[in-house]
Number of protein chains: 4
Amino acid sequence: MKKTDLLRAFNVNIDLAVEAHELLRGDADTEVPGVSMEVDNLDHATVTTIKILNEQGVQEMGRPQGTYITIDVPEVHDNNYLTHQDITKTLSDELTELMSLSEDASILLVGLGNWNATPDALGPQVIDKSLVTRHLFNYTPVELQGKLRKVSAIAPGVLGITGIETAEIIRGIVEHVKPDLVIAIDALAAGSLERIGTSIQISDTGISPGSGVGNRRTGINEETLGCRVIAIGLPTVMNAAIIANNCLDSLLDELKTSPALFRLYKEFSPKVFEQILEKALYPYHNNLMVTPKEVDSLIQTTARIIAGALGMSLHPGISTEEYQMYMQ
Amino acid sequence: MKKTDLLRAFNVNIDLAVEAHELLRGDADTEVPGVSMEVDNLDHATVTTIKILNEQGVQEMGRPQGTYITIDVPEVHDNNYLTHQDITKTLSDELTELMSLSEDASILLVGLGNWNATPDALGPQVIDKSLVTRHLFNYTPVELQGKLRKVSAIAPGVLGITGIETAEIIRGIVEHVKPDLVIAIDALAAGSLERIGTSIQISDTGISPGSGVGNRRTGINEETLGCRVIAIGLPTVMNAAIIANNCLDSLLDELKTSPALFRLYKEFSPKVFEQILEKALYPYHNNLMVTPKEVDSLIQTTARIIAGALGMSLHPGISTEEYQMYMQ
Amino acid sequence: MKKTDLLRAFNVNIDLAVEAHELLRGDADTEVPGVSMEVDNLDHATVTTIKILNEQGVQEMGRPQGTYITIDVPEVHDNNYLTHQDITKTLSDELTELMSLSEDASILLVGLGNWNATPDALGPQVIDKSLVTRHLFNYTPVELQGKLRKVSAIAPGVLGITGIETAEIIRGIVEHVKPDLVIAIDALAAGSLERIGTSIQISDTGISPGSGVGNRRTGINEETLGCRVIAIGLPTVMNAAIIANNCLDSLLDELKTSPALFRLYKEFSPKVFEQILEKALYPYHNNLMVTPKEVDSLIQTTARIIAGALGMSLHPGISTEEYQMYMQ
Amino acid sequence: MKKTDLLRAFNVNIDLAVEAHELLRGDADTEVPGVSMEVDNLDHATVTTIKILNEQGVQEMGRPQGTYITIDVPEVHDNNYLTHQDITKTLSDELTELMSLSEDASILLVGLGNWNATPDALGPQVIDKSLVTRHLFNYTPVELQGKLRKVSAIAPGVLGITGIETAEIIRGIVEHVKPDLVIAIDALAAGSLERIGTSIQISDTGISPGSGVGNRRTGINEETLGCRVIAIGLPTVMNAAIIANNCLDSLLDELKTSPALFRLYKEFSPKVFEQILEKALYPYHNNLMVTPKEVDSLIQTTARIIAGALGMSLHPGISTEEYQMYMQ
């Protein structure tokens, strides 16, 4: 089954703009109207900047106008802490540019996701490690006083824990805290296994409904909150329907090598493939995720990288040499 | 030093109305104008209902007009789970009457306090154990459907964790969730050791600024939230200044037995006592608390009792026999 | 690819004896020599007792001689707490019989697995909820004194957390505590999705090397510990290779309907299927697991059931009506 | 009441050798036979080395022969992270010298205390932040390979959680892991408020029975474990009896200024003071501790310092510039 058909049939979201873009370009690698893409190869990272430029791009990509930056860092798996430092700095550079904060901006960090389910716990773990400064400047590290922006932070939990839509909680807080910028950190669902744990997406469009591991129901963006929203996301799972479909596709690729089979393959109705997938996923339909066995250390490593980059980008007083000193 | 002087000198709060009342009545046990008190002796509990009836009572007691019920349950220390059940039912009875909820009322539970500091973690632990039902009635236990009130719940953390005043967070959420009633659960500071872990206070006045282990700065009450607020509190600590002062008082009681000494005692200026206390508490002044060594099991036991009573009182479908089945 | 070939090629373990037995019986449903099976249908549970009777059975099943009881409880997903109670009692009955404890037996509960990775956290969560009594009888609930067996409990963590083989830790503790019985609770890997969260296996053979979500490396059994070991396991994940292979099988079933295709199908070498799977699982090979999105509530529900059943079975003083009162 | 009498009457332990030594020297500041003391003033720390040299010293000090180093770091309260770095390095220097490890030594870290009670959670929190390397060298950071000693780590919990004496658990593990050195980290009880959070004690004598916040019952030392034991301790609480007694003493100091009163003071029997204290501590006797309100951040800060110093001292490959990169 074509991936786009699969995603529709199983109501599976692709959270990374870079993957949505790949899908649209397809094997022919055609341009997508209203969308620009730029790729930058750095030492330990590939930075892909996708811009949705106009209404046509919005229609094609099915997501809001704005900038989506993906930082691919396959070496995150390598367990080399010096490389992790480089990755942290690269992420910080991209964040700093995308946020373009004024000196006295105040920021609310929001860690989305469920702290009780490891693959969904990225957001809360970033919050745990972040330096919070808004409340009392005399509690902040002495040597940094006057060199910090005002940062507050909350991990609001998920609907199943609170009984309240996460977006409702955040909206209420934003109305009282009145930050200049909200930064929402979330665990995402990937469209391919290679991207789990390795593709950090930052965007200036906030978070759309239906995205994230837990499928947030309501958008968290400038429209709903009334202030700018930067989203930071990283895939930690993939829907199991995709892995199942990839298998079918690979087998069909094999079959296609014979003309007789190719004929036969074309006779199969898409319905047959859908039934095969349904059967393989029974009784979970689209509620099954694949995740690496070492998801706990993957979450810990990437939460450190994101919290470290946030510290450097948000606080002028925190240098790239010393950022680790200020992680909680 | 007289206790009232001590509390003023060290800026120490008395959270229990019943203790504030005792102080006012003094050794002479005089009536306090504008305040009524009623005592009810039950099997495993003594229930003391204090009502602040008018402005004069408000002035005398230094807290808002309303009803303050203290349920004294010294046997909570006994580690007898059958007794704990009885205590739970008594608390539930008192809560049900004080809340007088309509059938279709919606309730927001708020667990105040710091989950990282055991003596202040009562509120968050009650939230953890409570059944949340607001979001989707098909997630609630099948056998209870149609027999539950809408309950949402949040533990918003403390200023030092979020950088945001707790009351601001709650106000924001209340504006969106629009509950009929907020129930705020908080760890309190006692005025005497016997009350630690054993005096459950419920009141219909909400929470005043300055109360609680962590000294919440802003009130959480109908005035600030725009809906009724029931407060449930239990002392888990006592300010160390009180224990120090009690020692001085006891020694002075001894000294008073001789007339010569009594004369001398009266010559001491209060300033001397204050200096003695300051020295004994140095370098912590009023930032030192006393707490039992077994504070972890005390918090666990009382959180179970409070969460159990809330389950029974909030949900018509949860019986007094089966409430433990529905604790999370 | 045949499931047995798949499991071998990808080095995937089947933890449930009942699934290993099904595989051996195959489509033809033949008897397995040296193995007996009995099925008992109860109200909310199907109890399947497999006995490996002799060396031939050991060879066939690839696991130690002994009794493996699987309690299938599909209604665990139903969120009906009354049903959960029934399931708890059924599990307790089976446990009581399998353990056949003397009145004064002492028991060490061992919660295997990684508390930082939700799908592997079943064991530690059961430990958290269990009543521990060995240390001081005056800390146990008053009303139960004299009606409790001596129970100690530990969640030793995993190799990645401690740097020590779990079996080494347990062996060391057993040598000092000298229990009559060790009960090891572990999250397992299923061979089919339906069994995730619904098949509770108890056995008197302990735990074999290579089983469990985290692939414990060393056996935890009478041979290594020197005392009887009962294992309680429940699948919480399935290796992603199985879901991938199931898809291929379903597609091939479809193809087989045409004689031409069946011929073709037989021409494919197993190597081709293995390559297709490898590609679909790249870069994770056999280190990828599938797990339901709601794995956190699944773990919570089943940990309650197992801890409740243990309480009833281990302590004569804990009745089937009141067991929930004694869960921590 | 004299402090030594108080400690005996209330069965209160003084965990810091430097405090026991002060008590013995008394106001007259006499030498203690069999004990040497040396003081070294550094930039942000005062290092006091007490050596118990022979059996006479053992008798006087009531603790085993060996070296007790106290590093006083009052600036730990200052919230200046650069100072915390200096403190970490000082602690690391002292540890390195006291441990005098061979290149290929293997070490077992043991975090004593109760993770559910914040004031007692120092040990478990240090373990959480420490790099564990024993299991598989290919899991250690790539850039450090070949530059790490073998470190394993466990937080065994407390008697109330496991039902097992902590020393039994550790002994069992040591017999299997066979480390060259055990390092036990524990929260202590201070004899004076100034030392809470600020006096780090390291000693080569292990841990004596009765010490620590939770009063470990059995010693954890070379005699019980069969290998060298370094203890790292930091007071996080003080017994409330001491604060009560300090008040009495201060008041008596005031009274002594008049000759008439001094006469009277001498007439009081010690029994009277004991009764006053008993009354002030009722119903907790010696089971009441005082602890700063900000005990959570105090524990977090000092756990970082201790884990950081351990990382530097244990692993030749971890530099004083980069140690924070390797904290978990």
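In table form, for the structure just shown:
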read-out	value
Residues of chain A: accessible area per residue with a 1.4 Å probe, Å²	38
Fluctuation leader among A:199, A:297, A:130 - chain A, Gaussian network, Cα springs under 10 angstrom	A:297
Point-to-point label distance, residue D:275-residue B:46, nm (Cα→Cβ direction, 7 Å offset)	2.4
More than 35 angstrom apart: percent of Cα pairs within chain C	23
Residue (of A:99, A:39, A:65) at the positive-pole extreme of region A:4-100, dipole from beta-carbon charges	A:65
Cβ-defined net charge surrounding residue C:3, 13 Å radius [Lys, Arg +1; Asp, Glu -1]	-2
Rounded if a/c under 1.5, otherwise prolate or oblate - region D:134-187, Cα gyration tensor axes	prolate
Charge dipole (chain A, unit charges on Cβ, about Cα centre) - positive-most of A:240, A:127, A:324	A:240
The protein assembly as shown - charge dipole about Cα centre, Lys and Arg +1 at Cβ, Asp and Glu -1, debye rounded to 20	0
Percent carbon-and-sulfur accessible area, chain A, ignoring ligands, DNA and RNA, probe 1.4 Å	46
Test item: Cα-centred dipole of region A:262-328, Lys/Arg +1 and Asp/Glu -1 on Cβ, debye	440
Interface burial for D against B (accessible surface, 1.4 Å probe, total of both chains, Å², rounded to 100)	4000
Most mobile of A:207, A:52, A:243 in a GNM of chain A (Cα contacts under 10 Å)	A:243
Separation of alpha-carbon centers, region A:302-328 and region C:127-189, rounded to whole Å	41
Chain D - mean residue ellipticity at 222 nm from DSSP helices (-39,500 (n - 2.57) per run, n ≥ 4, rounded to 500)	-11500 deg cm²/dmol
Whether region A:46-187 is rounded, prolate or oblate, judged on the alpha carbon gyration tensor where a/c under 1.5 counts as rounded	rounded
Convex hull of Cα atoms in region B:1-54, direction-averaged projection (nm²)	4.9
Amide H within-cut-off set for residue D:184, under 5 Å, with H built and near neighbours excluded	D:110, D:230, D:231, D:232
Phi to ³J(HN,Hα) by Karplus 6.51 cos²θ - 1.76 cosθ + 1.60 over region D:302-315, Hz, x for Gly, Pro	6, 5, 5, 5, 5, 5, x, 5, 4, x, 4, 6, 7, 10
Residues of type lysines that residue C:51 reaches as a straight line, Cα spacing below 29 Å, ignoring anything fewer than 8 places off in the same chain	C:2, C:3, C:89, C:178
Note, ³J(HN,Hα) from phi for region C:169-178, Karplus 6.51, -1.76, 1.60, rounded to Hz, x at Gly and Pro	4, 5, 4, x, 5, 4, 5, 9, 7, 6
Average other protein chain Cβ within 10 Å of Cβ, residues A:167-179	5
Residues with amide H under 5 Å from that of residue B:106, placed H, sequence gap 5 or more	B:180, B:181
Among D:274, D:254, D:223: highest mean-square fluctuation, GNM of chain D, C-alpha pairs under 10 Å	D:254
Cβ neighbours within 10 Å from other chains - mean over B:250-257	5
Formal net charge of residues neighbouring residue A:299 (Cβ-Cβ distance under 13 Å; K, R +1; D, E -1)	-2
Interchain or long-range residues, amide H under 5 Å from residue D:289's placed H	B:291, B:293, D:240
Karplus (6.51, -1.76, 1.60) ³J(HN,Hα), θ = phi - 60°, over region D:48-61, in Hz, Gly and Pro reported as x	10, 10, 10, 10, 8, 9, 7, 4, 4, x, 4, 4, 4, 8
Net charge over other residues, Cβ less than 13 angstrom from the Cβ of residue D:215 (K, R count +1; D, E count -1)	-2
Rounded tilt (10° steps) of A:240-255 against the dominant C-alpha axis of chain A	40
Average other protein chain Cβ within 10 Å of Cβ, residues C:298-308	1
Given charges at beta-carbon only (K, R positive; D, E negative), |dipole| of region B:153-226 in Debye	200
Cα shape, region B:224-282, gyration tensor, a/c 1.5 rule	prolate
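The values are calculated or read from the model by the stated rules, or taken from the named source; none is laboratory data. Because the structure is predicted, anything quoted here is derived from the model rather than measured. Neighbour counts are summed over all protein chains in view; Cβ atoms, including those assigned to glycine, are modelled from backbone coordinates with ideal geometry. The area values use the complete protein model at the heavy-atom level, side chains included, leaving out ligands, DNA and RNA. Shrake-Rupley method; radii C 1.70, N 1.55, O 1.52, S 1.80 Å.
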